[in-house]
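Chemist: Sharing a structure with you now.
Just so you know, all these numbers are worked out from the coordinates, no wet-lab data involved. Worth saying up front: this structure is predicted, and the values here are computed from it rather than measured. With ideal geometry, Cβ positions are generated from the backbone for all residues, glycine too; neighbour counts draw on all protein chains shown.
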Amino acid sequence: MSATDPLVIVCAGGGGVGKTTTSAALALALARAGRSTLIVTIDPARRLAGAMGVSITDEVTPVALADTGDRLSALMPDPRRSLHTFAEQLFEHEPVAKARLLANKLYIGLADAAAGIHELVAMNLVARAAERGSFDVVVIDTAPSRQAVDFVTLPGRLAALLGGRTVSWLGGLAERANGGASGGGGLVGWGAGHVESLLAKVTGPVLVRDTGDLFRDLAVVRERFVALTQHAAKLLLGPRAAYVLVTAPTAAGRDDVQFLHKRLEKLGPGARAVVMNRADTVAAPYARALRGQRAVTPALAAAMAVLDDERAVRAAAADGLSAELRARLPGVPLVRLPFIESTAPERVVASLSVELEPHLHTLLPAVASAKRP
Ligand SMILES: Nc1ncnc2c1ncn2[C@@H]1O[C@H](COP(=O)(O)OP(=O)(O)OP(=O)(O)O)[C@@H](O)[C@H]1O
Ligand SMILES: [Mg+2]
């Protein structure tokens, strides 16, 4: 990690609460405030990407929006290409090894089964972008899940695995399966032989060879890969990272926040702030206009009274849940965002970005607020 590493804000929360929208709005507000910002969505929102003119690729794409200068960029990697991208990250300059990996049945099986491969790929792309050094802040939108925050430990765990002895030990299998080496003596040789024959019984010789090939290839690139994943781990768990929990004004939302906060405290960083999205309903412009009219029919007046009641009930619920969250997460600031009366996702993002402007210092990692209030 270096002083030029970007600040990182990770937005997490339950399904449909507005994580993607809030992340995009936050990135937009930061770019408008003069910070060069990268928005990363782990879970690409195609409609929003389309509305922002961003394509779903592994490349950092500039976002052309008014008032941001050229300070806003997006990275929205396609989860369906993760296997390929991962191979590319491992073997950037070795096309033969890359092709071998992509044809390796074990790799395909492992990567498909391994939850988090897409997150890891995305974080390595972030680490690469950070190494190029042009971003002040990276805002990361996560997938909807209570486990969403666990991905932050993934790069570190993988770096430990690849940096440890497992890879070279398993790499020895390749030599043996391919008939290359006669097999070492001692415990390692004994272990490898047993694992090999066990694997061969269960899966057949092709998979044994694939296993060996995979780990032998990993052993070749592991230093480079360990460096990359370690950088990703530091970006995610270092003092320049902050976790913003996005929620809705519902009991389920409150419980999700509490769960994620506890999980984050266990993992280290804790939550920097909670954003309660759709917490406040502002009367729509047409309702305000109608209220000023004298010639409102009784039916219309009754309908407006129902809407007012509904708004009051919602506001009371949001107030109650805000108070509960403040009590359950003492010291964690709560930012409330309004419901925006629009079905166009980019309009919602634009409106929320204005609402977020006064709260930027609350949402940025503490290290930034300490320097620049
Ligand atoms: N404050 C708001 N006012 C009005 N509409 C909103 C607001 N926040 C989000 N929306 C809309 O709600 C929908 C869902 O939002 P979004 O995709 O951001 O949620 P999400 O938490 O990322 O969902 P998922 O869990 O599926 O990833 C979108 O159509 C978005 O435009
Ligand atoms: Mg989303």
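Chemist: Of the cross-linked pairs K234/K262; K98/K234; K105/K262; K19/K105, which ones have a Cα-Cα span greater than 32 Å in the structure shown?
Modeler: Cα-Cα > 32 Å for K105/K262; K19/K105; rest within.
Chemist: Figure the gain on full extension for H361 and T343 (residue separation times 0.36 nm, minus the Cα-Cα span) and round it to one decimal in nm.
Modeler: Going from the current span to full extension adds 3.6 nm.
Chemist: Taking amide H positions as placed in the peptide plane 1.01 Å from N, state which residues far from V138 in sequence (5 or more) or on other chains have amide H under 5 Å from it.
Modeler: For V138, the qualifying residues are L7, V8, I9, L38.
Chemist: Right, next: So what J values fall out for the range 341-346 if you push phi through Karplus, 6.51 cos²θ - 1.76 cosθ + 1.60 with θ = phi - 60°, rounded to Hz, Gly and Pro as x?
Modeler: Per residue, the Karplus-derived 3J(HN,Hα) values read 7, 7, 9, 8, x, 5 Hz.
Chemist: Nearest 20 debye, what's the magnitude of the dipole of the range 5-154 about its Cα centre given +1 on Lys and Arg Cβ and -1 on Asp and Glu Cβ?
Modeler: Dipole of the range 5-154, to the nearest 20 debye: 300 debye.
Chemist: Next up: List the residues, sorted by chain then number, that are 5 or more residues from V275 or on another chain and whose placed amide H is less than 5 Å from its amide H.
Modeler: L245, V246, T247, V335
Chemist: A follow-up question, please. Could you tell me how far the Cα centroid of the range 295-309 sits from the Cα centroid of the range 38-110, in Å?
Modeler: Centre-to-centre (Cα) distance: 50 Å.
Chemist: Work out the charge dipole of the range 45-124 with +1 on the Cβ of Lys and Arg and -1 on the Cβ of Asp and Glu about the Cα centre, then indicate which of S73, G50, G109 is farthest towards its positive end.
Modeler: G109
Chemist: Test of understanding: extend the Cα→C-beta vector of A51 to 7 Å, then name every residue of the range 333-360 with backbone N under 11 Å from that spot.
Modeler: Hits in the range 333-360 for A51 at 11 Å: 340-352.
Chemist: Another question, if that's okay. How would you rank 298-311, 73-86, highest first, on the average number of other Cβ atoms within 10 Å across their residues?
Modeler: Peptide ranking by packing, descending: 73-86, 298-311.
Chemist: If you don't mind, another one. In terms of modelled amide H atoms, which long-range or inter-chain residues lie less than 5 Å from the amide H of T281?
Modeler: For T281, the qualifying residues are F339.
Chemist: Another one. For a footprinting-style exposure proxy, rank F339, F259 by other Cβ within 10 Å, fewest first.
Modeler: If I rank by nearby Cβ atoms, fewest first, I get F259, F339.
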